Amino acid sequence: MDVLENYTGHVDPEGPAARRTLDALTITKISVGPMDNNAYLLVCRSTNEALLIDAANDHERLSDLLGHAPDRPGLRTIVTTHQHADHWQALGPLAEANGSTTVAHELDAAVLPVQPDVLVDHGDTINVGEVPLSIIHLRGHTPGSIAVLYDDPNGHPHLFTGDSLFPGGVGKTTSADNFASLINDVEDRLFAVLPDDTWFYPGHGDDSTLGKERPALAEWRARGW
């Protein structure tokens with residue numbers, strides 16, 4: 001598996017992964033599957049324990065990302081950001097192969113192919129090795145959609161948004177009520193409390209920052225999608 005070290009937030013389908021190295025954590029992004037899903041491998045640099053956000057597709061490619069050497073990271077945890085099937089096609093095989101603990105929100109758990117070992121809700125904390133991660137419930141794309149936040153004490157926050165927030169708008173919703181719920185949560189639970197330099201990592205496509213997207217919030221609300 002080729003891994004680029006000059007992280008830009010862009011990866012190509014079937015192309016190399018890209019790694020960002022922080023003081024306590026590495027973040028590696030890869031695109032998998034026919035819907036260009038992003039999966040994110042977080043590795044604690046102190047313990048070599050790993051957490052995967054969205055085992056979306058192609059478990060063999062995700063296994064190659066972990067590596068096969070004796071010193072490869074131990075995949076202790078797999079978080080599923082929401083119930084849509086393109087985000088969990090590799091969940092069963094990958095969790096079984098690595099003995100991973102699976103994590104999701106209760107409201108999306110029933111349709112997952114592997115029932116979560118741990119159910120999380122807004123404000124909960126999970127860990128990858130010695131690194132704490134916060135759970136943010138963003139209601140609207142699905143009932144149990146979650147984001148995962150690493151608030152780097154030596155840098156800016158890193159936010160994994162699933163399909164709830166993208167560059168250019170919030171995720172797809174199926175009703176006016178669901179859109180209102182999602183845009184409200186995105187404003188109240190993300191933009192209102194996190195700084196502009198928060199880098200966010202969506203479920204598809206390129207990354208962005210909250211500061212870059214913030215000026216368009218009123219436009220997103222007005223257009224209704």
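The values are calculated or read from the model by the stated rules, or taken from the named source; none is laboratory data. Computed from a predicted structure; not experimentally measured. Positions of Cβ are backbone-derived with ideal geometry, glycine not excepted, and every protein chain shown enters the neighbour counts. Side chains are part of the model used for accessible areas, which takes the heavy atoms of the whole protein and leaves out ligands, DNA and RNA. Shrake-Rupley method; radii C 1.70, N 1.55, O 1.52, S 1.80 Å.
Do we find a residue being farther than 13 Å from L138 by Cβ, at pLDDT 95 or above, in a helix (DSSP H, G or I) and more than 18 Å from the chain's Cα centre (by Cα) anywhere in region 190-212? Among the residues of region 190-212, at least one is farther than 13 Å from L138 by Cβ, at pLDDT 95 or above, in a helix (DSSP H, G or I) and more than 18 Å from the chain's Cα centre (by Cα), which makes the answer yes.
Determine if region 166-178 includes at least one residue that is assigned to a strand (DSSP E or B), within 16 Å of the chain's Cα centre (by Cα) and in contact (Cβ under 8 Å) with a residue 60 or more places away in the chain. Show your work before the answer.
Within region 166-178, the first condition is being assigned to a strand (DSSP E or B), and the residues that meet it are 166, 169-170.
Imposing the further condition that a residue be within 16 Å of the chain's Cα centre (by Cα) reduces the set to 166, 170.
Within this subset, residues satisfying the condition of being in contact (Cβ under 8 Å) with a residue 60 or more places away in the chain are none.
So far as region 166-178 goes, no, none of its residues is assigned to a strand (DSSP E or B), within 16 Å of the chain's Cα centre (by Cα) and in contact (Cβ under 8 Å) with a residue 60 or more places away in the chain.
Scanning region 3-37 for residues that are surrounded by fewer than 23 Cβ atoms within 10 Å (Cβ to Cβ) and under 23 Å from I135 (Cβ atoms) yields G9, R20, L22, D23, A24, L25, T26, I27. Cβ-Cβ distances below 8 Å connect the following pairs, each with a first residue in region 36-51 that is at positive phi, a second residue that is not aliphatic (A, V, I, L, M), and a separation of six or more residues or different chains: D36/P13; D36/H204; D36/G205; N48/D71; N48/P73; N48/G74; N48/G129.
Scanning region 180-225 for residues that are more than 22 Å from H10 (Cα to Cα), touching a Gly at 6+ places or on another chain (Cβ under 6 Å) and open to solvent by 20 Å² or more (accessible area, probe 1.4 Å) yields a single hit, S181.
Do we find that V186 is part of a helix (DSSP H, G or I), in contact with a strand residue (DSSP E or B) (Cβ under 6 Å, 6 or more places away or on another chain) and closer than 30 Å to R76 by Cα in this structure?
Values: part of a helix (DSSP H, G or I): yes; in contact with a strand residue (DSSP E or B) (Cβ under 6 Å, 6 or more places away or on another chain): yes; closer than 30 Å to R76 by Cα: yes.
So V186 fits the description; yes.
Considering only region 56-68, I want to know if a residue exists there that is open to solvent by 10 Å² or more (accessible area, probe 1.4 Å), touching a residue at least 40 places away in the same chain (Cβ under 8 Å) and under 28 Å from H141 (Cβ atoms). It would help to see each step written out before you state the result.
Here is the first cut: in region 56-68, the residues open to solvent by 10 Å² or more (accessible area, probe 1.4 Å) are 57-61, 63-68.
Of the ones still in play, those that are also touching a residue at least 40 places away in the same chain (Cβ under 8 Å) are 61, 64-65, 67.
So of that shortlist, the ones also under 28 Å from H141 (Cβ atoms) come out as 61, 65.
The answer is yes, given that some residue of region 56-68 is open to solvent by 10 Å² or more (accessible area, probe 1.4 Å), touching a residue at least 40 places away in the same chain (Cβ under 8 Å) and under 28 Å from H141 (Cβ atoms).
Please tell me if L41 is part of a helix (DSSP H, G or I) and in contact with a helix residue (DSSP H, G or I) (Cβ under 8 Å, 6 or more places away or on another chain). In short, no.
Note on region 97-132: residues that are open to solvent by 60 Å² or more (accessible area, probe 1.4 Å), in contact with a His (Cβ under 9 Å, 6 or more places away or on another chain) and of a type in the set (D, E, K, R) total 1. Of the residues making up region 133-161, those that are open to solvent by less than 60 Å² (accessible area, probe 1.4 Å), more than 21 Å from C44 (Cα to Cα) and not in a strand (DSSP E or B) are L138, G140, H141, T142, G144, S145.
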